Amino acid sequence: MKQAAVVMTTVAVLGAMPFAAYDARAEEKAYTVSAGSISGSWFAIVTTMFETYRNNIPDLTYTTVPGGSVANPISVGSGQSQFGMSYSTNLFAAARGDAPYKSKIDNVRAIANTGLSAYIHIYVDRKLGVESIRAIADGKMPLKVDTGPRGGGGELAAGRVLAAHGVSYDNIKEWGGSITYSPYREAMDRVNDKQIDAFINDDLPGAPLFAEFAAKEDILLLPQEPQAIKIMEEQYGYVPGVIRAGTYKGQTEDIATTYQTPLFITRADTDEEVVYQMTKLLFEKKDDLVTGHSAFKALDIEKAATGLTIPLHPGAARYYREMGVLQ
């Protein structure tokens, strides 16, 4: 489904700024930033981050556009965007030219490991009478599943977790089911209208939209099976994890699942001084960032340069060396 191509554009900030933390450069810094679905966590996270940059880096303006973990390395690599977020698993595949990418994308660099963990959530309608994806496969059920926006890391994760349980998109269609790729809010509407009976995607535990799903009495959150978790880990680089009991209303048991961590990324040719300033602000202005979005609590200087599957940008590396967390 079509989404607005550009959702938020900040007002240009020109000239001297008395509250700026750094000296201005001669040229205006106008950037496009690829986030996630409009109603997902990434859009709010990216906007919070770049509002902080706008308030502290003179002449910086930005436009936030919808994107996804799969699409964002392509957008940044091609120059459509200069910054974005993407999962480490997707960035690894992009750098190698592995599926779902058709060729290598070798000009994307990491700024920071965000420390956020996006856990795969598998929601099904209780009327299906199943407690595992394996039961869906065994019964060859005509599942009507929505996997979130096409091109996002969550949609890719949905396909992978189904396959790890022995179910492909083609299987679902052969059994009389369907696959849809709705923006998150539309997926919620489809659940309410009984147009779908399953939703699979990933996000932070307790994310508002997922909490809405979990709050419905007719919706069940399914665990991943041990063998599927092993496949997700060994074949795709996901990490075994647990959605703790009590994360959602009515959730009385831990839910075994897998997760991945997003990185903040940029182009290899982005100005080193700008990236240095941005990296520094991530930590010097962490309190402001946390006020804007609680997800920034996970940001940790000791871990920001770890778990990377692509090279660090020189500007980011310079800051981490200054802080003694990178040799």
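Computed from the coordinates by the stated procedures, all read-outs in this text should not be read as laboratory data. If you're wondering where the values come from, they're calculated on a predicted model, not measured in any experiment. Don't worry about glycine lacking a Cβ; one is built from the backbone with ideal geometry, like all the others, and counts go over all protein chains shown.
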**OP:** Classify the chain as rounded, prolate or oblate from the Cα gyration tensor: take a ≥ b ≥ c as the square roots of its eigenvalues, call it rounded if a/c is under 1.5, otherwise prolate when a/b beats b/c and oblate if not.
**Re:** prolate
**OP:** Rounded, prolate or oblate: pick one for the range 118-258, where a ≥ b ≥ c are the square roots of the eigenvalues of its C-alpha gyration tensor, a/c under 1.5 means rounded, and failing that, prolate if a/b is larger than b/c, else oblate.
**Re:** rounded
Original post:
Length gain on complete extension for the stretch D170 to R150, per 0.36 nm per residue less the alpha carbon to alpha carbon distance?
Top reply: 5.6 nm
**OP:** Rank the residues H313, H165 as a footprinting-exposure proxy: fewest other Cβ atoms within 10 Å of their Cβ go first.
**Re:** H165, H313
Original post:
In the range 118-258, how many lysine pairs have Cα atoms under 22 Å apart, counting only pairs 8 or more places apart or on different chains?
Top reply: 15
**OP:** Counting helices only, and only those DSSP H runs with n ≥ 4, report the 222 nm mean residue ellipticity of the chain as the sum of -39,500 (n - 2.57) divided by its residues, in deg cm²/dmol to the nearest 500.
**Re:** -10000 deg cm²/dmol
**OP:** For I219, list long-range residues whose amide hydrogen, built 1.01 Å from N in the peptide plane, is under 5 Å from its own amide hydrogen.
**Re:** R126
Original post:
Helix 226-236 versus the longest principal axis of the chain: what is the Cα-based angle in degrees, 0 to 90, to the nearest 10?
Top reply: 40 degrees
**OP:** Pull out the extension gain between M323 and K216, defined as 0.36 nm times the separation in residues minus the alpha carbon to alpha carbon distance; nm, one decimal.
**Re:** 33.9 nm
**OP:** Estimate the FRET efficiency between T252 and A30 by the formula 1/(1 + (r/R0)^6), using the beta-carbon distance for r and 45 Å for R0, to the nearest 0.05.
**Re:** 0.35
Original post:
If you rank D218, D193, D271, D202 by fewest surrounding Cβ atoms within 10 Å, what's the result?
Top reply: D193, D218, D271, D202
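I need T47, T266, T64 ordered by Cβ neighbour count within 10 Å, fewest first.
By the 10 Å Cβ count, ascending: T47, T266, T64.
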Original post:
Got the relative contact order for the range 118-258 handy, in percent, Cα pairs under 8 Å and 6 or more residues apart?
Top reply: 33 percent
Subject >> Near-label residues of the range 264-286 by backbone N, under 19 Å of a point 7 Å along Cα→Cβ of D106 >> reply: 266-270
**OP:** Would you grab the residues whose amide H sits under 5 Å from the one on T180? Only those 5+ places off in sequence or on another chain, please, with H modelled 1.01 Å from N.
**Re:** V145, D146, T147
Original post:
Karplus couplings for the range 139-151 from phi (6.51 cos²θ - 1.76 cosθ + 1.60, θ = phi - 60°), rounded to Hz, Gly and Pro as x?
Top reply: x, 6, 6, x, 5, 9, 10, 10, 10, x, x, 4, x
**OP:** Note down the nm distance, to one decimal, between modelled labels 7 Å out along Cα→Cβ at D288 and at D189.
**Re:** 3.6 nm
